[in-house]
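One structure is given here, and the rest of the page talks about it.
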Amino acid sequence: MSSDFEGYEQDFAVLTAEITNKIARVPRLPPDEKKQMVANVEKQLEEAKELLEQMDLEVREVPPQSRGMYSNRMRSYKQEMGKLEADFKRSRIAYSDEVRNELLGDDGNSSENQRAHLLDNTERLERSSRRLEAGYQIAVETEQIGQEMLENLSHDREKIQRARERLRETDANLGKSSRILTGMLRRIIQNRLLLVILGIIVVITILTAITLSVRGH
């Protein structure tokens, strides 16, 4: 799940940076290009909303103990989305005012409007830069997490291999011990049999000696 969410995150960062850049360019474009740019930005805003919906669905599947971090990030992205829509709305209003002024032949306050547009553009570019930096930071953190997971998996594999080797050694030692015990039992049984046979021979010898002695008298 986390890989899907982070993929949506990176797409959202790239898309919002493009939208911010295009919103900043709207006031400087010729009328025909402005109209096309406004339509393009509207389409990309819809794509950004769809990405937010996908990210929201992914967050709902996160276990409760880990959901807080993703929820905080979602709130931040929704705030960014709200700012983008507000900036686009102001840009459209300025575009509409400019079209009206052109139709009416009104050039008053043009320098003030240009300064205001420049300030807005500067703020948008700064926000775009921050979003790109945030996206880059997320990518770096994702790479670090991936490396840590690979290292942990490598350590776990080594531990499992060592455990298997110890089990093999234990099985080998048990086999040797079993063979040694079997040999000892075999020798004990043989010794007892020898003692029994010797006892029988001694008893027979004594009985034979007694029998011969009685017959001799």
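The values are calculated or read from the model by the stated rules, or taken from the named source; none is laboratory data. No experiment lies behind these values; they were computed from the predicted model shown. Every residue, glycine among them, receives a Cβ derived from its backbone with ideal geometry; neighbour counts consider all protein chains shown. Just so you know, the surface numbers come from the protein's heavy atoms only, side chains and all, with ligands and any DNA or RNA stripped out. Shrake-Rupley method; radii C 1.70, N 1.55, O 1.52, S 1.80 Å.
Accessible area per residue for segment 4-56, computed on protein heavy atoms with a 1.4 Å probe, is 50 Å². Within the accessible area of segment 137-217, the carbon and sulfur atoms contribute 63%, probe 1.4 Å, all protein chains present. Entry comment: accessible area of segment 136-194 is 93 Å² per residue, from protein heavy atoms only and a probe of 1.4 Å. Each of LEU174 and GLU85 was given a label point 7 Å from its Cα along the Cα-to-Cβ line. The distance between the two points is 6.8 nm. Distance from the Cα centroid of segment 35-53 to that of segment 144-187 is 60 Å (rounded to whole angstrom).
Summarise the accessible area of segment 1-98 (1.4 Å probe, protein heavy atoms) by the percent that is carbon and sulfur. Carbon with sulfur: 47 percent of the solvent-accessible area.
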